[in-house]
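Q: Provided herewith is a single structure, encoded as C-alpha coordinates, for subsequent inquiry.
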Amino acid sequence: MAKSILNKKSLNFLEKYLNNAAPTGYEWDGQKLWMDYLKPYVDEFITDTYGTAVAVINPKAKYKVVIEGHADEISWYVNYIADDGLIYVIRNGGSDHQIAPSKVVNIHTKKGIVKGVFGWPAIHTRNRAKEEAPKPDNIFIDIGASDKDEVEKMGVHVGCVITYPDEFHILNGDKFVCRALDNRMGGFMIAEVARLLHENKKDLPFGLYITNSVQEEIGLRGAQMIAERIKPDVAIVTDVTHDTTTPMIDKKKQGLAKIGDGPVVAYAPAVQQKLRDLITETAEKKKIPFQRAALSRATGTDTDAFAYSGSGVASALISLPLRYMHTTVEMVHRDDVENVIKLIYESLLKIKSGETFSYFE
(Lines give C-alpha, C1' and ligand atoms only; values in the text may rest on other atoms or scores of the structure.)
Protein backbone atom coordinates (compact mmCIF):
# COMPACT_ATOMS: atom_id res chain seq x y z
CA MET A 1 0.00 0.00 0.00
CA ALA A 2 1.34 3.44 -0.94
CA LYS A 3 2.28 5.69 1.93
CA SER A 4 -0.34 8.34 2.75
CA ILE A 5 0.64 11.91 1.99
CA LEU A 6 -1.75 13.23 4.66
CA ASN A 7 -0.17 13.42 8.09
CA LYS A 8 -1.61 14.06 11.55
CA LYS A 9 -1.00 17.80 11.30
CA SER A 10 -2.78 17.89 7.93
CA LEU A 11 -5.84 16.08 9.26
CA ASN A 12 -5.99 18.23 12.39
CA PHE A 13 -5.97 21.31 10.19
CA LEU A 14 -8.64 19.82 7.92
CA GLU A 15 -10.96 19.15 10.84
CA LYS A 16 -10.50 22.62 12.31
CA TYR A 17 -10.87 24.26 8.90
CA LEU A 18 -14.08 22.38 8.05
CA ASN A 19 -15.69 22.89 11.44
CA ASN A 20 -15.23 26.66 11.19
CA ALA A 21 -18.15 28.42 9.48
CA ALA A 22 -17.24 30.44 6.37
CA PRO A 23 -20.47 31.38 4.57
CA THR A 24 -20.39 33.39 1.37
CA GLY A 25 -19.49 36.98 2.25
CA TYR A 26 -18.16 35.98 5.70
CA GLU A 27 -15.13 33.87 4.85
CA TRP A 28 -12.43 35.71 6.80
CA ASP A 29 -12.15 33.50 9.90
CA GLY A 30 -11.59 30.46 7.69
CA GLN A 31 -9.08 32.39 5.61
CA LYS A 32 -7.09 33.24 8.72
CA LEU A 33 -6.93 29.53 9.66
CA TRP A 34 -5.84 28.68 6.12
CA MET A 35 -3.11 31.32 6.00
CA ASP A 36 -1.80 30.36 9.44
CA TYR A 37 -1.41 26.75 8.26
CA LEU A 38 0.40 27.82 5.09
CA LYS A 39 2.86 30.27 6.69
CA PRO A 40 5.80 27.84 6.92
CA TYR A 41 5.49 26.82 3.27
CA VAL A 42 5.20 30.10 1.33
CA ASP A 43 6.95 33.42 0.85
CA GLU A 44 4.13 35.93 1.23
CA PHE A 45 0.38 36.46 1.23
CA ILE A 46 -1.99 38.63 -0.78
CA THR A 47 -5.51 39.44 0.43
CA ASP A 48 -8.15 41.55 -1.26
CA THR A 49 -11.06 43.75 -0.25
CA TYR A 50 -13.61 40.91 -0.18
CA GLY A 51 -11.46 38.31 1.56
CA THR A 52 -9.79 36.17 -1.08
CA ALA A 53 -6.45 34.92 0.27
CA VAL A 54 -3.44 34.04 -1.87
CA ALA A 55 -0.27 32.34 -0.63
CA VAL A 56 2.65 33.03 -2.96
CA ILE A 57 5.84 31.10 -3.70
CA ASN A 58 8.46 32.97 -5.81
CA PRO A 59 6.55 36.28 -5.87
CA LYS A 60 9.20 38.04 -8.02
CA ALA A 61 8.85 35.65 -10.95
CA LYS A 62 7.23 37.11 -14.08
CA TYR A 63 5.53 33.89 -15.17
CA LYS A 64 2.59 33.15 -12.86
CA VAL A 65 0.71 29.92 -12.20
CA VAL A 66 -2.43 29.75 -10.06
CA ILE A 67 -3.78 26.72 -8.24
CA GLU A 68 -7.18 27.54 -6.84
CA GLY A 69 -10.13 26.42 -4.74
CA HIS A 70 -12.98 28.44 -3.31
CA ALA A 71 -13.44 29.10 0.40
CA ASP A 72 -17.13 29.84 0.87
CA GLU A 73 -19.98 27.61 1.96
CA ILE A 74 -23.70 27.91 1.31
CA SER A 75 -25.89 29.41 4.02
CA TRP A 76 -29.10 31.33 4.69
CA TYR A 77 -29.98 34.93 5.58
CA VAL A 78 -32.63 36.09 8.02
CA ASN A 79 -35.19 37.66 5.70
CA TYR A 80 -38.28 38.30 7.86
CA ILE A 81 -39.10 38.07 11.58
CA ALA A 82 -42.78 37.38 12.23
CA ASP A 83 -44.70 38.83 15.18
CA ASP A 84 -44.81 35.37 16.78
CA GLY A 85 -41.00 35.19 16.81
CA LEU A 86 -40.55 32.74 13.96
CA ILE A 87 -37.87 33.57 11.40
CA TYR A 88 -38.14 33.21 7.62
CA VAL A 89 -35.10 32.98 5.38
CA ILE A 90 -33.64 33.47 1.92
CA ARG A 91 -30.69 31.65 0.38
CA ASN A 92 -27.08 32.77 0.42
CA GLY A 93 -25.84 30.50 -2.36
CA GLY A 94 -27.54 27.28 -3.42
CA SER A 95 -28.90 26.13 -0.05
CA ASP A 96 -31.25 23.15 -0.31
CA HIS A 97 -34.66 23.89 1.21
CA GLN A 98 -35.63 20.21 1.20
CA ILE A 99 -33.04 19.23 3.80
CA ALA A 100 -33.83 22.13 6.15
CA PRO A 101 -36.73 20.81 8.29
CA SER A 102 -35.48 19.47 11.67
CA LYS A 103 -31.94 20.82 11.18
CA VAL A 104 -30.21 22.72 13.97
CA VAL A 105 -28.78 26.09 12.88
CA ASN A 106 -26.35 28.73 14.07
CA ILE A 107 -27.47 32.34 13.60
CA HIS A 108 -24.43 34.62 13.56
CA THR A 109 -24.99 37.88 15.46
CA LYS A 110 -22.81 40.59 16.97
CA LYS A 111 -23.62 39.06 20.37
CA GLY A 112 -22.38 35.66 19.22
CA ILE A 113 -24.08 32.49 18.00
CA VAL A 114 -27.83 32.13 18.59
CA LYS A 115 -29.03 28.55 18.26
CA GLY A 116 -32.21 27.67 16.43
CA VAL A 117 -34.01 24.89 14.59
CA PHE A 118 -35.79 24.64 11.28
CA GLY A 119 -39.19 23.57 12.57
CA TRP A 120 -41.73 21.47 10.66
CA PRO A 121 -45.29 20.29 11.45
CA ALA A 122 -45.47 16.82 13.00
CA ILE A 123 -46.47 13.98 10.70
CA HIS A 124 -49.64 13.45 12.78
CA THR A 125 -50.91 16.94 11.93
CA ARG A 126 -50.30 16.92 8.18
CA ASN A 127 -52.88 16.10 5.53
CA ARG A 128 -51.26 13.14 3.79
CA ALA A 129 -53.56 13.51 0.77
CA LYS A 130 -52.38 17.10 0.23
CA GLU A 131 -49.02 17.00 1.96
CA GLU A 132 -47.02 20.17 1.39
CA ALA A 133 -43.33 19.83 0.62
CA PRO A 134 -40.67 22.07 2.16
CA LYS A 135 -40.22 25.19 0.04
CA PRO A 136 -38.17 28.36 0.46
CA ASP A 137 -41.32 30.31 1.37
CA ASN A 138 -42.65 27.92 4.04
CA ILE A 139 -39.57 26.77 5.96
CA PHE A 140 -38.92 28.70 9.17
CA ILE A 141 -36.56 28.89 12.12
CA ASP A 142 -37.62 28.75 15.78
CA ILE A 143 -35.15 30.15 18.32
CA GLY A 144 -37.46 29.68 21.28
CA ALA A 145 -38.57 33.32 21.35
CA SER A 146 -42.16 34.27 22.14
CA ASP A 147 -42.34 37.29 19.84
CA LYS A 148 -40.41 39.59 17.49
CA ASP A 149 -39.16 41.83 20.31
CA GLU A 150 -37.55 38.88 22.07
CA VAL A 151 -35.87 37.80 18.85
CA GLU A 152 -34.37 41.23 18.37
CA LYS A 153 -33.22 41.42 22.00
CA MET A 154 -31.25 38.21 21.35
CA GLY A 155 -29.33 40.10 18.64
CA VAL A 156 -31.05 38.56 15.62
CA HIS A 157 -32.02 40.94 12.82
CA VAL A 158 -32.71 40.86 9.09
CA GLY A 159 -29.45 40.12 7.30
CA CYS A 160 -27.92 37.83 9.94
CA VAL A 161 -26.29 34.86 8.26
CA ILE A 162 -27.30 31.32 9.22
CA THR A 163 -25.15 28.18 8.96
CA TYR A 164 -25.44 24.53 9.92
CA PRO A 165 -23.16 23.34 12.75
CA ASP A 166 -22.61 19.80 11.39
CA GLU A 167 -18.98 18.84 12.01
CA PHE A 168 -16.33 16.70 10.35
CA HIS A 169 -16.23 12.95 10.87
CA ILE A 170 -14.91 9.86 9.08
CA LEU A 171 -17.07 6.94 7.99
CA ASN A 172 -15.64 3.45 7.59
CA GLY A 173 -12.06 4.63 7.87
CA ASP A 174 -11.75 6.47 4.55
CA LYS A 175 -14.89 8.56 3.83
CA PHE A 176 -14.66 12.19 4.94
CA VAL A 177 -18.09 13.60 5.82
CA CYS A 178 -19.06 17.18 6.67
CA ARG A 179 -21.02 20.17 5.45
CA ALA A 180 -18.93 22.54 3.29
CA LEU A 181 -16.62 19.97 1.75
CA ASP A 182 -17.75 22.04 -1.27
CA ASN A 183 -15.24 23.49 -1.48
CA ARG A 184 -13.04 23.80 1.55
CA MET A 185 -11.64 20.47 0.45
CA GLY A 186 -10.24 22.49 -2.47
CA GLY A 187 -8.62 24.97 -0.11
CA PHE A 188 -7.20 22.07 1.89
CA MET A 189 -5.84 20.24 -1.16
CA ILE A 190 -4.03 23.23 -2.62
CA ALA A 191 -2.54 23.94 0.82
CA GLU A 192 -1.22 20.37 0.89
CA VAL A 193 0.39 20.91 -2.53
CA ALA A 194 2.29 23.86 -1.05
CA ARG A 195 3.35 21.73 1.92
CA LEU A 196 4.67 18.97 -0.32
CA LEU A 197 6.60 21.41 -2.51
CA HIS A 198 8.25 22.83 0.60
CA GLU A 199 8.99 19.49 2.28
CA ASN A 200 10.36 17.98 -0.93
CA LYS A 201 12.46 21.10 -1.56
CA LYS A 202 11.10 21.66 -5.06
CA ASP A 203 12.19 24.88 -6.74
CA LEU A 204 9.60 26.03 -9.27
CA PRO A 205 10.67 28.08 -12.31
CA PHE A 206 7.63 30.37 -11.91
CA GLY A 207 5.61 32.20 -9.32
CA LEU A 208 2.98 29.96 -7.73
CA TYR A 209 -0.19 31.66 -6.49
CA ILE A 210 -2.12 29.34 -4.17
CA THR A 211 -5.52 31.00 -4.27
CA ASN A 212 -8.45 30.54 -1.90
CA SER A 213 -11.23 32.56 -3.52
CA VAL A 214 -14.40 33.89 -1.92
CA GLN A 215 -17.96 34.10 -3.21
CA GLU A 216 -17.92 31.26 -5.73
CA GLU A 217 -21.34 30.08 -4.60
CA ILE A 218 -23.05 33.25 -5.81
CA GLY A 219 -21.36 33.56 -9.20
CA LEU A 220 -17.55 33.08 -9.18
CA ARG A 221 -17.14 36.63 -7.90
CA GLY A 222 -13.98 36.20 -5.84
CA ALA A 223 -12.15 34.44 -8.67
CA GLN A 224 -13.15 37.20 -11.09
CA MET A 225 -11.63 39.85 -8.84
CA ILE A 226 -8.41 38.03 -7.96
CA ALA A 227 -7.77 36.94 -11.55
CA GLU A 228 -7.66 40.60 -12.56
CA ARG A 229 -5.19 41.32 -9.78
CA ILE A 230 -2.81 38.37 -10.28
CA LYS A 231 -3.01 38.28 -14.09
CA PRO A 232 -1.81 34.66 -14.22
CA ASP A 233 -0.47 32.82 -17.25
CA VAL A 234 -1.91 29.46 -16.14
CA ALA A 235 -4.65 28.41 -13.72
CA ILE A 236 -5.40 24.93 -12.38
CA VAL A 237 -8.68 25.01 -10.51
CA THR A 238 -10.01 22.35 -8.17
CA ASP A 239 -13.62 22.02 -7.06
CA VAL A 240 -16.04 19.18 -6.33
CA THR A 241 -18.21 17.29 -8.79
CA HIS A 242 -21.11 14.87 -8.38
CA ASP A 243 -20.67 11.19 -7.66
CA THR A 244 -23.40 9.94 -9.98
CA THR A 245 -23.60 6.38 -8.67
CA THR A 246 -26.05 7.14 -5.86
CA PRO A 247 -29.84 6.73 -6.33
CA MET A 248 -32.00 9.10 -8.40
CA ILE A 249 -29.19 10.43 -10.61
CA ASP A 250 -29.37 9.85 -14.36
CA LYS A 251 -25.90 8.94 -15.64
CA LYS A 252 -27.00 9.56 -19.21
CA LYS A 253 -27.49 13.21 -18.30
CA GLN A 254 -24.90 13.70 -15.57
CA GLY A 255 -22.15 11.37 -16.80
CA LEU A 256 -20.36 8.80 -14.66
CA ALA A 257 -18.14 9.67 -11.72
CA LYS A 258 -17.60 7.70 -8.53
CA ILE A 259 -15.87 8.41 -5.25
CA GLY A 260 -12.77 6.28 -4.86
CA ASP A 261 -12.06 6.11 -8.59
CA GLY A 262 -9.83 9.17 -8.73
CA PRO A 263 -9.88 12.88 -9.62
CA VAL A 264 -12.18 13.99 -12.44
CA VAL A 265 -10.53 15.91 -15.29
CA ALA A 266 -12.91 18.21 -17.14
CA TYR A 267 -13.46 18.58 -20.88
CA ALA A 268 -15.12 21.91 -21.64
CA PRO A 269 -14.65 25.04 -23.78
CA ALA A 270 -13.09 26.91 -20.85
CA VAL A 271 -10.53 24.13 -20.36
CA GLN A 272 -7.40 24.76 -22.42
CA GLN A 273 -6.75 21.49 -24.19
CA LYS A 274 -2.94 21.45 -24.15
CA LEU A 275 -2.91 22.19 -20.42
CA ARG A 276 -5.48 19.45 -19.87
CA ASP A 277 -3.34 17.05 -21.92
CA LEU A 278 -0.34 17.88 -19.72
CA ILE A 279 -2.45 16.91 -16.70
CA THR A 280 -3.83 13.65 -18.11
CA GLU A 281 -0.43 12.60 -19.45
CA THR A 282 1.09 13.32 -16.05
CA ALA A 283 -1.60 11.18 -14.39
CA GLU A 284 -0.89 8.31 -16.77
CA LYS A 285 2.87 8.53 -16.34
CA LYS A 286 2.67 8.74 -12.54
CA LYS A 287 -0.05 6.08 -12.37
CA ILE A 288 -2.52 8.41 -10.69
CA PRO A 289 -6.06 7.12 -11.32
CA PHE A 290 -8.42 9.66 -12.86
CA GLN A 291 -11.84 9.99 -14.45
CA ARG A 292 -13.14 12.25 -17.21
CA ALA A 293 -16.18 14.52 -17.42
CA ALA A 294 -17.66 16.42 -20.36
CA LEU A 295 -19.22 19.75 -19.41
CA SER A 296 -21.52 21.62 -21.76
CA ARG A 297 -20.81 25.33 -22.20
CA ALA A 298 -19.62 26.60 -18.78
CA THR A 299 -17.99 24.46 -16.11
CA GLY A 300 -19.91 26.30 -13.40
CA THR A 301 -16.68 26.66 -11.41
CA ASP A 302 -13.99 29.29 -10.92
CA THR A 303 -12.30 27.81 -14.00
CA ASP A 304 -14.62 29.96 -16.10
CA ALA A 305 -13.61 33.14 -14.27
CA PHE A 306 -9.89 32.50 -14.72
CA ALA A 307 -10.11 31.24 -18.30
CA TYR A 308 -11.95 34.29 -19.56
CA SER A 309 -10.14 36.92 -17.51
CA GLY A 310 -7.91 39.50 -19.18
CA SER A 311 -6.94 38.34 -22.66
CA GLY A 312 -7.49 34.68 -21.71
CA VAL A 313 -5.69 32.38 -19.27
CA ALA A 314 -4.80 28.74 -19.99
CA SER A 315 -7.01 27.01 -17.44
CA ALA A 316 -7.93 23.48 -16.40
CA LEU A 317 -10.27 21.88 -13.88
CA ILE A 318 -9.49 18.90 -11.65
CA SER A 319 -12.53 17.93 -9.59
CA LEU A 320 -13.00 15.86 -6.45
CA PRO A 321 -15.95 13.46 -6.74
CA LEU A 322 -18.45 14.06 -3.93
CA ARG A 323 -21.74 12.59 -2.76
CA TYR A 324 -24.75 14.60 -1.51
CA MET A 325 -23.62 18.07 -2.64
CA HIS A 326 -25.12 21.07 -0.80
CA THR A 327 -26.27 18.94 2.10
CA THR A 328 -24.80 18.65 5.58
CA VAL A 329 -23.47 15.14 4.87
CA GLU A 330 -21.26 15.77 1.84
CA MET A 331 -18.93 12.80 1.40
CA VAL A 332 -15.58 12.27 -0.33
CA HIS A 333 -13.07 9.43 -0.41
CA ARG A 334 -9.68 9.93 1.23
CA ASP A 335 -7.92 8.28 -1.72
CA ASP A 336 -9.43 10.83 -4.12
CA VAL A 337 -8.30 13.69 -1.88
CA GLU A 338 -4.75 12.36 -1.92
CA ASN A 339 -4.82 11.77 -5.67
CA VAL A 340 -6.05 15.29 -6.44
CA ILE A 341 -3.14 16.62 -4.37
CA LYS A 342 -0.69 14.33 -6.19
CA LEU A 343 -2.05 15.24 -9.61
CA ILE A 344 -1.80 19.00 -9.04
CA TYR A 345 1.67 18.60 -7.50
CA GLU A 346 3.03 16.45 -10.33
CA SER A 347 1.44 18.65 -13.01
CA LEU A 348 3.11 21.75 -11.57
CA LEU A 349 6.48 20.03 -11.90
CA LYS A 350 5.81 19.59 -15.64
CA ILE A 351 4.98 23.23 -16.40
CA LYS A 352 7.82 25.26 -17.90
CA SER A 353 8.29 28.96 -17.27
CA GLY A 354 7.09 30.95 -20.26
CA GLU A 355 5.00 28.09 -21.66
CA THR A 356 2.14 29.50 -23.75
CA PHE A 357 0.24 26.27 -24.44
CA SER A 358 -0.34 27.68 -27.90
CA TYR A 359 -2.06 25.48 -30.48
CA PHE A 360 -0.06 27.17 -33.25
CA GLU A 361 3.54 26.57 -32.22
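The values are calculated or read from the model by the stated rules, or taken from the named source; none is laboratory data. From a predicted model like this one, the values you see are computed outputs, not experimental measurements. Here Cβ is always computed from backbone atoms with ideal geometry, including for glycine, and neighbour counts include all displayed protein chains. What goes into the accessible areas is simple: the full protein's heavy atoms, side chains included, and nothing from ligands, DNA or RNA. Shrake-Rupley method; radii C 1.70, N 1.55, O 1.52, S 1.80 Å.
Q: Name the long-range amide H neighbours of Asn92: under 5 Å, sequence gap of 5 or more, or other chain; modelled H, no Pro or chain starts.
A: The answer is Ser75, Trp76, Tyr77.
Q: Just want the answer: with Cβ charges of +1 for Lys and Arg and -1 for Asp and Glu, which residue in Tyr26, Thr246, Ala71 is farthest toward the dipole's positive end in the chain?
A: Selected residue: Thr246.
Q: Compare Glu216, Glu44 by solvent-accessible area with a 1.4 Å probe and give them largest first, with all protein chains kept in place.
A: Glu44, Glu216
Q: Please identify, among Asp203, Asp243, Asp142, the residue showing maximal mean-square fluctuation in a Gaussian network model of the chain using a 10 angstrom Cα cutoff.
A: Result for the chain, Cα springs under 10 Å: Asp203 fluctuates most.
Q: Looking at the range 63-102, I'd like the Rg to Rh ratio, where Rg is from alpha-carbon atoms and Rh is Kirkwood's inverse mean 1/r.
A: 1.28
Q: Rounded to the nearest 500 deg cm²/dmol, what is the calculated helix-only ellipticity per residue at 222 nm for the chain, with -39500 (n - 2.57) per DSSP H run of length n ≥ 4?
A: When only DSSP H runs of four or more count, the value is -8000 deg cm²/dmol.
Q: Here is a follow-up. Go through 223-233, 26-36 and give me the packing order, highest mean Cβ count within 10 Å leading.
A: Highest mean packing first, the order is 223-233, 26-36.
Q: Got a sec to turn the phi values of the range 299-311 into Karplus ³J(HN,Hα) couplings, 6.51 cos²θ - 1.76 cosθ + 1.60 with θ = phi - 60°, whole Hz, x for Gly and Pro?
A: Karplus-based 3J(HN,Hα) across the range 299-311 equals 7, x, 10, 5, 3, 4, 5, 6, 4, 9, 7, x, 9 Hz.
Q: If the elastic network links every pair of Cα atoms under 10 Å, which of Lys16, Lys202, Lys252 fluctuates the most in the Gaussian network model of the chain?
A: Lys252
Q: Considering every Cα-Cα pair within the range 299-361, what fraction, in whole percent, is farther apart than 14 Å?
A: So the pairs more than 14 Å apart make up 71 percent of the total in the range 299-361.
Q: Output wanted: per-residue J couplings in Hz (rounded whole) for the range 151-160, from phi through Karplus 6.51 cos²θ - 1.76 cosθ + 1.60, θ = phi - 60°, x for Gly and Pro.
A: Coupling constants for the range 151-160: 4, 5, 5, 7, x, 8, 9, 4, x, 4 Hz.
Q: Going through the DSSP H helices of the chain, which span 24 Å or more along their own axis at the Cα atoms while scoring at least 0.0 as a mean Kyte-Doolittle hydropathy? Don't skip to the end; give the middle numbers.
A: Working: long enough: 181-199 (27 Å, 0.17).
Membrane-span-like by this rule: 181-199.
Q: Keeping the other protein chains in place, figure out the carbon and sulfur percent of the accessible area of the chain, with a 1.4 Å probe.
A: Here carbon and sulfur together make up 51 percent of the probe-accessible area.
Q: Could you grab the Rg to Rh ratio for the range 225-361? Cα atoms only, Kirkwood for Rh.
A: 0.97
Q: Using a 1.4 angstrom probe with every protein chain in place, what is the largest-first accessible-area order of Lys342, Lys130, Lys9? Don't jump to the answer; show the numbers that get you there.
A: Working: Lys342 60, Lys130 160, Lys9 110 Å².
Ranking Lys342, Lys130, Lys9 by accessible area, largest first, yields Lys130, Lys9, Lys342.
Q: Output wanted: per-residue J couplings in Hz (rounded whole) for the range 234-244, from phi through Karplus 6.51 cos²θ - 1.76 cosθ + 1.60, θ = phi - 60°, x for Gly and Pro.
A: Listing the rounded values in order: 9, 9, 10, 9, 10, 9, 9, 9, 6, 6, 9 Hz.
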